[in-house]
Structures are given as structure tokens and as C-alpha cells.
Amino acid sequence: MEIKDLQRENIKNLKPYSTARDEFKGQASVFLDANENSFGSPLPANYNRYPDPLQLDVKDAISKIKGVPIENTFLGNGSDEAIDLLFRAFCNPGKDNVIILPPTYGMYEVSANINDVEVRKVDLLANFQLDLDKIAETIDANTKIIFICSPNNPTGNSIDRTDIETILANFKGLVVVDEAYINFAKQKTFIQELTEYANLVVLQTFSKAWGLAALRLGMAFSSRQVIDILNKVKPPYNINQATQDLALEALKNIQQVNEWIKITVAERERLRAELTKLSLVKKVYPSDANFILVEVMDAQKTYNDLVEVGIIVRNRSKVSLCEGCLRITVGTVEENNQLISILEKI
């Protein structure tokens, strides 16, 4: 497979914006090239200067943790930016299509609609796994991307690894494996397969296990060809300097993050066990994420009752295959105890 043949024709010929930081690399004492405010900024840090457009220091720190080379790493303003850029770089508006697998993360469809790209939906099976036969039937010559969320949102389960590998080996477009919740799963990440599949794109994020949702920093890992294209079409300074600085500080605290992951997984299993005991609960689905999908007797009433006492969960009862379900994020020990206490009284 040639990745260059998948990208849009206008992107092949695109000459990217050249920043002042692209044209000069090295050390200097006087910078008069980028029309910045030479007097500084009102803030303690030197935010008067434009940030590194390729975020090389952050990528280097990530590389040491993930084992993925810098040239195979893209950083976006949340994973949502990487999703949007994949549409803009590889999907011709009004012509190409992508496949999503409901119930799944909603931004794939939103981004497709923004970019005027047809969305073809293949529902997951009743066990929330892939319907490989239906996916194969849905693919045509204009299918450019298949989005697979694993662990899946909102169901919480990991998608069978062999099924994903089957699609990677047989589909002639990009396969995006969204691993936003991979830190909470037993299944290993697909970044280990990057050297085997040129069409694989793995999405990860700092928003979940790393606790940096407010920073809006997402990661995409792929072959050099795909990453080069994403860097070509992205805004020149898509990750601001404050985010880069804070991310570098966070990456020094991996032991703390790993401890939070252990606590979250333990609390997830305790919460599952406690929820199963409740009379209003019909089913608690197994989860590899930091949330649990729970089928209850009356989802809307339960949701409203929780809102009245200041506890907010997500009502997913109108989502296909999730009828009657609430999605509950695993909270702190105290928050989980409070939730169980309230549900026992409903």
C-alpha cells in the first residue's frame, strides 16, 4: 500500500506554510524574524516567542515512555484535531466515505459531517464486537478510513485484537484505532504494530489517565508517511507553549499517573460489584476503561434523581445498543461511595 496514493490530490501538491522557526534552527541571541513583541510578555515565562511548531521536546519525552520515534508521533489540540486533519488530508468532500462502528465516540461523525464526507455506519454486534462481514460488505473504492474505538466509548469493552488485525491486513485505507482509554485496559496498545502496518493510526490522549483534559493535548502515532502529511496540513503553531511546558512537567510524574491508574481500575471493579447488588440495576457491562456502562430500570428517572443531589452521569439510553443505559465515570473512593449510597435509596 502507498500512503501517498490515499491522500487528496490537492494535499499532494500543497506547499505548507513556512514559519520563522522552520527557516531557522539553532542558537541565536537576537530574534527579529517573527514580528513578536521583543519586550517580553506580562507573564513570568517567555510567552512572547512563538512555540516550537513540531513540539520536539515534548515528543522526545513521550518517545522515552512510549517507545515510539519522534518521526512517528503527531501532537494535536486534543485527539479531535488529529481526527479532523485525517479527514482534511485523506477524504475528498462529496466523494469519499468513512466507516464508523456505533455505538462509538461521536466526534468521528461530527468531523465527517463538517468535512462533507459520507459516514457509513456498521453497528457493533450484540456483544459490542465487530461485525466483520458487514464491514467488508460496506467498504467500496471510495472508503478511506475505518474508525475503531478500543476500549470503546460508551460501551467500555476492548475490541477483539484479531478482528482489528484482520481489518488492518485487508483494508486498503487508513485504520484508526482510538486508544483514549488504553491505560485502563489489560489489552496491549497497537502502537507496537506500527512497523507492521503502514495504514495504522493510533490515537491516544493526555485527557484521561494523565488527568490533563483542560490542556487539550492528543497524540497520533503512525507511519512516517502519515505523520508527514498531518504535519503538512496542520496549523503552524497548533500546540501553544504553555501546553508544551505543562506537558513536559506532567511527563516527569509517570509514577503518580500509574498509581492513579491502579486506584481507578480497583475502584472500577469495586463499583461494578456494588452496582450489581442494586435492585434498580439490570446489567453492569464489563469495562476496560475508566467508566462503566450500566443498564437500569428507568434511565431517565435515575439520571434526574442523581442530578437533583448534584451527581452527574451520562444518559446513553438513546444510543443504539445502549438502550436503558447510563455511563458512569469511575470517581474517587468518596465519590463512588456517595453514588452507591444515593442509588441504594432510589
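Every number in this text was worked out from the coordinates using simple rules, so none of it is lab data. Because the structure is predicted, anything quoted here is derived from the model rather than measured. Cβ atoms come from the backbone with ideal geometry, glycine included; neighbour counts cover every protein chain shown.
Tell me, what ³J(HN,Hα) does each residue in the stretch 202-209 have, in order and in whole Hz, if you take phi through Karplus 6.51 cos²θ - 1.76 cosθ + 1.60 with θ = phi - 60° and put x for Gly and Pro?
Once θ is set to phi - 60°, the couplings for the stretch 202-209 become 10, 9, 9, 8, 8, 7, 9, 4 Hz.
To the nearest µm²/s, what D does Stokes-Einstein give for the stretch 68-209 at 10 °C and 1.306 mPa s, using the Kirkwood radius over alpha carbon pairs as Rh?
104
Do me a favour and compute the ellipsoid semi-axes for the stretch 255-345 from its Cα gyration tensor, root of five times each eigenvalue, largest one first, whole Å.
Each semi-axis is the square root of five times an eigenvalue, giving 22, 15, 12 Å.
So what's the angle, to the nearest 10 degrees on a 0 to 90 scale, between helix 299-308 and the longest Cα principal axis of the chain?
The answer is roughly 80 degrees.
So, in nm, how far is label N10 from label T166 when the simple model puts each one 7 Å beyond its Cα toward the Cβ?
It is 3.8 nm.
How far is it, in nm, from the label point at S18 to the one at A126 when both lie 7 Å from their Cα along the line to the Cβ?
Result for the modelled spin labels: 6.2 nm.
Roughly speaking, what is the centre-to-centre gap between the stretch 203-244 and the stretch 35-53 when only Cα atoms are used, to the nearest Å?
Spelled out, the Cα-based centre of one part sits 22 Å from the other.
Ignoring trypsin sites (Lys or Arg not before Pro) that are buried or in helix or strand per DSSP, and keeping those with at most 15 other beta carbon atoms within 10 Å, what is the longest stretch of the chain between them?
My reading of the result: 96-171 is the longest stretch.
Are there cysteines in the chain with no second cysteine's Cβ under 4.7 Å away, and if so, which?
Unpaired cysteines in the chain: C91, C149.
Which whole-angstrom value gives the distance between the alpha carbon centres of the stretch 108-158 and the stretch 82-101?
Going from one Cα centre to the other spans 12 Å.
So how tilted is helix 161-170 from the main axis of the chain? Cα-based, degrees 0 to 90, rounded to 10.
It is inclined by approximately 40 degrees.
Could you give the spread of the C-alpha atoms of the chain along their three principal axes, from largest to smallest, in whole angstroms?
69, 53, 32
What is the dipole size for the stretch 3-252, taken about its Cα centre, with +1 at each Lys and Arg Cβ and -1 at each Asp and Glu Cβ, in debye to the nearest 20?
Once rounded to the nearest 20, the dipole reads 380 debye.
Determine, for T205, T302, T332, the number of other Cβ atoms within 10 Å of each Cβ, and report the residues in order from fewest to most.
Ascending Cβ contact count within 10 Å gives the list T332, T302, T205.
State the extension gain, in nm to one decimal, for the chain segment bounded by L278 and E71, taking 0.36 nm per residue of separation less the distance between their alpha-carbons.
Going from the current span to full extension adds 69.5 nm.
Considering only DSSP states other than H, G, I, E and B, which chymotrypsin sites (Phe, Trp or Tyr not before Pro) in the stretch 123-186 qualify as loop sites with at most 12 other Cβ atoms within 10 Å?
none
With angles folded into 0 to 90 degrees, how steeply does helix 79-90 sit against the dominant principal axis of the chain? Use alpha carbons for both and round to 10.
Long axis of 79-90 versus the principal axis of the chain: about 60 degrees.
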